[in-house]
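Accompanying notes for the structure given below.
Derivation of every value follows stated rules applied to the coordinates shown; laboratory data play no part. The shown structure was predicted, so the numbers you read here are calculated from the model rather than taken from an experiment. Cβ atoms come from the backbone with ideal geometry, glycine included; neighbour counts cover every protein chain shown.
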Amino acid sequence: MSNSASSAFAHNARKDRKKKEVAVTSNLEDRASLGHSEDSSGPKGSTASKGSNASNAFADKKNIMWVLLSGGMAMTFIIMLFLPNTGMGDGMIATYSSMLWCGFFGAALWRYRGANGWTGFAFGSVVGFVLQVVSQII
């Protein structure tokens, strides 16, 4: 009696495994028809949810959002340097903020291009300082 029960269990397990394989292959075919690759779900074909990929946003060097966000903040402070009565025209805070945000933008842009982020930060800070000096002359 135990032999028949185990064989029935093995038979049912094989059926379940076939159903899962068919479901996985149909899912892969559906994703391929939509233009998704097999690698997009995570490392080594794991079925990780899209929420777990969000934790890689800080490590992803090709994430354009950091370039856009830091560029927007740099533009905000640079525009405030040239506008009258904004409180950003003079003082060390204006110099630090323009150097800092232009440096962040340079670092994000250089990292996005695949270069060294510190070099981008240095170039961005120099540009921010020059813009602050030019805003004082104008």
Practice task
Would you kindly state how much longer the chain becomes between Leu68 and Tyr96 on full extension, computed as 0.36 nm times their sequence separation minus their alpha carbon distance, in nm to one decimal?
Solution key: 8.0 nm
Fill in the blank from the handout: Once both label points are put 7 Å beyond Cα along the C-beta direction, the Lys61-Arg113 separation in nm becomes 1.3 nm
